[in-house]
Structures are given as structure tokens and as C-alpha cells.
Amino acid sequence: MSDRGPSIAEHVTAVRARRVRIPDLVSDSLQRISMRNRTLGAFLHVLDEEARARAEALQSRLERGAWPGPLTGVPIAIKDNLCLRGVPTTAASRLLAGYRPPYTATAVARLLDAGAVIVGKTNLDEFAMGSSSEQGAFGPVRNPLDPQRVAGGSSGGSAAAVAAGMALGALGSDTGGSVRQPAAFCGLVGLKPHYGTVSRYGLIAFASSLDIIGPLARSVDDCARLWRVIAGRDRWDATSRDAEDRDPEGGRSLAELRLGVPRDWVGGRIEAPVREAFERFCAHLAARGAELVPVTLPDTEAGLACYHLLADAEAASNLARYDGVRYGSRAPEAGTLAALYRRTRGRGFGGEVRRRILLGTYVLRAGAYDRYYRRALRARDAIRAAFDQVLAGLDAVLTPMTPTRPFRLGTHLRDPLRMYASDRFAVMPNLTGWPALTFPITKPEARLPIGGQLCGGPHSEVRLLRLAAMLQGGGAA
Ligand code: GLN
């Protein structure tokens, strides 16, 4: 057992061997939540009674000789934009306050089928739009490693929950970095799977061509275990498909690895401690024989612009349904229908969501459509083609996960472009649609963790997980 508590594998082994009882493990996790959630704001809804009842039920199944699955008794947190039947699901929006979905997201149902215990719904930026988890309607998330700092976003609550030991793993959603950026800010491993390989059924939509659900955990192995459970085709999501284990030949030891490093991404626009940590990590890998190949990839500034045009256009269209008539909590009677819509949406949505709806509506209107939206679609194709070309002959591309360390609460709220810039490296794999993974490149005792990012080609999850374990095994620099 590591000093950070048991891994998922150790936990499940202990449960199976009856060395520990599931109700005790779940109770530990709930106790940590009750001790720290008031400060951290990681959970919007804690499933105290439900989790205890499920733990008892699982334990008695176990005692009758049944083995529910690979996550038996593992306490897991899920982002509050994932539906769980009968349980409040708000996406941190006032518009959805009081909503209890009549169905469960497929990814969550798969966790339950594997024996997991859901301990609560985690805080986020409203509708997953943001990079700090300060822009939800119900208060900010704080970083357990330094509560003056943000936990990242938008899956900041999921990251804080795992980093504070309130859950062994968590699910987030990643449209433009929302699993990986908070994972990096909290010293965790986070995976964005290949688009479509985790069902979006029951995920509250933000930008449907980019959205994917992914796991956050304390180690590569934990993260891999969660991913294997949630991945695969689902008849409720027509865009879903099976994950494929594509990990051909490639470097099997550090000395055989070829990693591409986009040198100009690591240029001027990142803070010195991140650049230094990244350089140190690269030097450390090189000293162990890995080949680091300088590569040229499209500029991240262009990537960010492309991402925001597409994401906001899709968000404007996805969020049109929250008008207080079809969906969402309705503002008091307002005379005309138009006034009712205006009041419901004007009061229900926070500032960041309104900004994106306005921008997205603008880029889709006649006249702007070709100039912005269609151009962004072409840019996405060009970015994918550039990655495809660069990845040939490489095991993966290695970048810093974020341009800065976790920033202080409040410092980015008045400057949306500064907030968006936190995802300059993260959005690129959402645009290609291919897997990407973050893992800490600093030692666990570092005061503030710094994450690296591995980006791979189509269906490269298994490869990226293997590489991350190998790079970490080489020891953080
Ligand atoms: N931070 C990015 C944004 O604000 C990505 C969010 C996400 O992945 N859900 O859009």
C-alpha cells in the first residue's frame, strides 16, 4: 500500500479476501467528505444513505458468494453533469436546480454493474464551461493541495474529491480539457478517451462533436481500470463505438521510445516553473535513452480559436432547449412567450454560459457561418491531418498539460481569454478526437503538481496508459 492510501486494485483485493468490509471503506470515504467538503466544495450532492445502503447490499452479496465485478466496493464520485436516476443533477446551473433524471448515464450504469459505490455528484463550472470550477451556480471548488488555489475545471470537483481521498476515482467530461486540466492541477492521472468510445447517453450535452466522458484517478493503473469498465458501444448513443486495443510494436522500454515534442508550444506563453519542470522531465527521459524528437504542430492559439468557435456554436444549439417550457426551471409568468424565454434564460444561466450562447449564435448566423464556423471546421481537419503526419513513426506526442500551475481563486474570472488559455494544450486532442492522457511529471511531494500530456493517434488509450506507466516508472524528474 502506498502512503497515499490503497490503489483500486489493492482495495478490490482486500474486499475479495474479506480483509476489509465494503461498508467500512465507504464509511471512511463519506467521513472524509463530511470533514472536508465544506472547505473544498467538491460535491454538490452527497449520497450518504444511498452509498451506505449499497455498501451493505454489496457486502451481503459477497458473503453469499457473488462477485459483482472489477470495482466491487470502490467509492467513486461522478461529475454533476452525469445523470443518475432519481438523484439531483444540475450541471451546476440554476436552470436545472431540482432536476432528477428518470434514467442513469450509461457510463455510470457500467460502474454500478462493476460493483462501484457512487458517493456523490461533483461540482463543476456551469454546463462544464470553464477551466477553474469557479463558474458554477453553487460556489467554487478549492484545490485540496492548496485551498487558496483552484482545482481546475470544469471537472474540478471530481479532481478535488480524488485528490482529497474522498473517492478512489471519479468520472468527468472532457470537451476541451475538462478531465485532464483539473487532473493535472490536483496531481492526478486523467484520460480523455477516443471520441465515441464512451457513451454520451446521460451526459448533459455541451458540444456534442467534442464531448467525451473520462476517468480521473491517483495512478495510471487505477485510471485504466475505470476506463475499461466504462468504454464500449452503447445502443443508446448512435455515435458510440467499441474501444480498440491498438498498441502495435512501438517502444517497449524507455530506451526504445520516440516521443515528439512540439518545441514552439513550449515557447513564450507558458510560465517558467512549468517550462522548467517540463524541460527537466524531458532531459530525464533523454538521459534514460528515450528519443525526444522536435516536431512542428499547428499553433495552439489557432487551436483555441477553432475550439471555441465549434464548441460555442454547438453549445448555443444544445442549450436552446432550456427555455423553461421544454426544459429547465421556469421564471415567473412574464406576459408574452418571448418575455418568458428571455426571463428564464437571462436569470437561469450564469455569465460565462450566456457569453458562449451569444458567441455561438453569432457564428452560426447567415453571413458569419462561412467566415467563422465553416472555417473552424476546416481548421479542425487541418489540425487532425498535422497530428496524423507527426505521429507517424512516433510513440506519442509529449507536451505540458497546462501553461501554468494551479492559479489563485478569483484571478482569472474577469479575463475570459486568460481563463481559456489554460486549455491551450488540452483542446488539441479534442479537435483530433484521439486519446490524450495527463500524468504528474513532478514528484508527489512537490508543493504544486505539474502535469505532462501524452497525445496519441486513433484508439491509442492502451498505448498511452502503458507509456505513462513507463515514463512514471522512470521516476519523476
Ligand atoms: N475549459 C474548456 C472550456 O471552457 C473546456 C471545458 C470542457 O472540457 N468541458 O470550454
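General observations
- Charge dipole of the chain about the Cα centre (unit charges at C-beta), most positive-ward option of Tyr362, Val427, Thr13: Tyr362
- P(r) histogram, all alpha-carbon pairs of the stretch 267-380 included - 10 Å bins from 0, percent: 12, 26, 21, 18, 13, 7, 2, 0
- Listed peptides 78-86, 360-368, 115-123, 158-166 appear in the order 158-166, 115-123, 78-86, 360-368 once ranked by packing, highest mean of other Cβ atoms within 10 Å at the front.
- Spatial separation of Cα centroids for the stretch 1-60 and the stretch 293-314, in angstrom: 40
- Fraction of antiparallel bridges per DSSP, the chain only, in percent to nearest 5: 65
- Distance from the stretch 159-216 to the stretch 342-384 (C-alpha centre basis), Å: 23
- Other residues lying with their Cβ under 9 Å from the Cβ of Gly457 contribute a combined charge of +1, Lys and Arg counting +1, Asp and Glu -1.
- A cut-off of 5 Å between modelled amide H atoms, ignoring neighbours fewer than 5 places along the same chain, links Gly214 with Gly172, Ser173, Asp174.
- Alpha-carbon centroids, the stretch 272-290 and the stretch 432-457: separation in whole Å: 13
- Of the chymotrypsin sites (Phe, Trp or Tyr not before Pro) found in the stretch 315-347, none is in coil by DSSP with at most 12 other Cβ atoms within 10 Å of its Cβ.
- Dipole moment magnitude, nearest 20 debye, the chain about Cα centre, only Lys, Arg, Asp, Glu C-beta charged: 1000
- Couplings for the stretch 211-225, taken from phi via the Karplus curve 6.51 cos²θ - 1.76 cosθ + 1.60 with θ = phi - 60°, read 4, 8, 8, x, x, 10, 7, 7, 9, 4, 5, 4, 4, 4, 5 Hz in order; Gly and Pro are left as x.
- When +1 charges are put on Lys and Arg Cβ atoms and -1 charges on Asp and Glu Cβ atoms, the dipole computed for the stretch 200-324 relative to its Cα centre reaches about 300 debye.
- The stretch 5-160, dipole about Cα centre (Lys/Arg Cβ +1, Asp/Glu Cβ -1), debye to the nearest 20: 280
- 5 angstrom amide H check on Gly452, placed H, neighbours 5+ away: Met401, Phe439, Ile441
- Rg over Rh, two decimals, the stretch 417-475 (C-alpha only, Kirkwood Rh): 1.02
FYI, it's all coordinate maths here, none of it is from the lab. Everything quoted here is computed from the prediction, not taken from an experiment. Positions of Cβ are backbone-derived with ideal geometry, glycine not excepted, and every protein chain shown enters the neighbour counts.
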